[in-house]
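Peer 1: Below is the structure I would like to discuss, written out as structure tokens.
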Amino acid sequence: MKKVGILLLLLMFGVVIAGCIGQTQTTSTITKTITTTKTITKTITETVEEKTTSSATTPISETQTSPSKYPLKIVDFAGREVTIEEEPQRIVSLAPSITETFYFIGALDKVVGVTKFDNYPENVQEGRTVIGGFSDPNIEIIASLNPDLIVGTSMHLKYLDQLEKIAPVVIIDPKSIGDIYKAVELLGRITSKEEKAKDVVAEMKDKIEEIRSKVQNVPEVKVFYIVWSDPLMSAGNGTFINDLITLAGGENIFKDTQGWPQVSVEEVLSRNPEVIILPPHAGMSAEDLCNTPLVNTDAVKNGKVYTLSSDDIVSRPSPRIVEGLEEIAKFLHPDLFNVQYQPLTCEATS
């Protein structure tokens, strides 16, 4: 009996130990499961909280658009670094060429002030304040417009101290066709119209290349451009007019001068132009040449005297300069462009 009792006791002890071992393993498994679940839950919770926090602090509009480029720092044509804090909404233009450029890049709606000489596009002064002339802007009127940007030319540097007290000032002053491209792109960048500005430049380049390719294999035509009649003035090297004559397949007879030279009738006669071009406001008409010694030039003798449709398309450094180039090219090489002009006829000579 004693042996049986001991045996039973050993059996019970074994069951208890086995139960404890099983319980320990089960507890361990449960603990691991709980720990793993907690870890996953924590990870999911943190991810959800992170996304929730991000959504709460970031507006939807910002997540859908690129970050603002403002404040924007640019270097203008005067070599000045200018900071523009926010996208301009009220711009004063101090030159017609600048206004025209804003129009071409689709930013004319931002222009609130223009000069009294602005005439393009048509009715451009309507709904806008005239701030005075090109060379003499009215500072008080400009200030009253509360502009957030003023754009002028090198002529306006003398007013810089006064203008900068009103708003940031950007100087745009192209001296070549290439500079006009830069001006268009710079104003496009300033007004967030980069893509439109690039399109405008591309269209200008395409048109210029089209004209250049037409005239590249024909002889150059000797051209005298009349800027003003009394005193007689022409356009020399370093002017848009000289560049346009060259691009149009011509040779400016005063290309050896600079700027806007005063020339004599004798000089013109000795250089004997084949074509004479003048703007509408040169102080004389094409017919007036019949009553001057210039009647003895080949240009007048052959009736090849032409008047531009506008002074502005050759004098304003805006995208419209391409229109001036096309008109001059047609004057010089009408056959290449399938156009015909009524030749100048002088009834009497002097």
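Peer 1: Report the semi-axes of the equivalent ellipsoid for the stretch 72-199 in whole Å, largest first, where each axis is √(5λ) for an eigenvalue λ of the Cα gyration tensor.
Peer 2: 19, 17, 14
Peer 1: In nm, to one decimal, how far is the Glu194 label point from the Ser135 one, both placed 7 Å along Cα→Cβ?
Peer 2: With each label placed 7 Å out from Cα toward Cβ, I get 3.9 nm.
Peer 1: Still on this structure: About the Cα centre of the stretch 219-337, what is the dipole size in debye to 20, counting +1 per Lys and Arg Cβ and -1 per Asp and Glu Cβ, all else neutral?
Peer 2: Around 60 debye, computed over the stretch 219-337.
Peer 1: I'd like the FRET efficiency for Gln216 and Arg271, computed as 1/(1 + (r/R0)^6) with the beta carbon distance as r and R0 of 35 Å, rounded to 0.05.
Peer 2: 0.90
Peer 1: Within the set Lys255/Lys330; Lys175/Lys214; Lys110/Lys255; Lys301/Lys330; Lys182/Lys255, which residue pairs have Cα atoms separated by over 28 Å?
Peer 2: Lys110/Lys255
Peer 1: Charges at C-beta only: +1 for Lys and Arg, -1 for Asp and Glu. How large is the resulting dipole of the stretch 251-306 about its Cα centre, in Debye rounded to 20?
Peer 2: Values: 4 positive and 8 negative charges, 15 e Å.
Rounded to the nearest 20 debye, it is 80 debye.
Peer 1: Can you work out the FRET efficiency for the pair Asp179 and Gln342, with r the C-beta to C-beta distance and R0 = 35 Å, to the nearest 0.05?
Peer 2: Rounded to the nearest 0.05, the efficiency is 0.45.
Peer 1: Gain in length, Lys205 to Asn302, computed as 0.36 nm per residue apart minus the alpha-carbon separation, to one decimal in nm?
Peer 2: Extending this stretch completely gives an extra 31.6 nm.
Peer 1: Just to be sure I understand: of the beta bridges DSSP finds with both ends in the stretch 78-170, what percent are antiparallel, rounded to 5? Could the numbers behind the result be given before it?
Peer 2: Details: 1 of 10 bridges.
Of the beta bridges lying entirely in the stretch 78-170, close to 10 percent run antiparallel.
Peer 1: Given the options Pro280, Pro261, Ser213, identify the residue whose Cα lies farthest towards the positive end of the charge dipole of the stretch 207-293 (+1 on Cβ of Lys, Arg; -1 on Cβ of Asp, Glu).
Peer 2: Going by the Cα projections, it comes out as Ser213.
None of the figures in this text is laboratory data; all of them are computed from the coordinates on show. Computed from a predicted structure; not experimentally measured. All Cβ positions, even for glycine, are placed from backbone atoms using ideal geometry, and neighbour counts span all protein chains on display.
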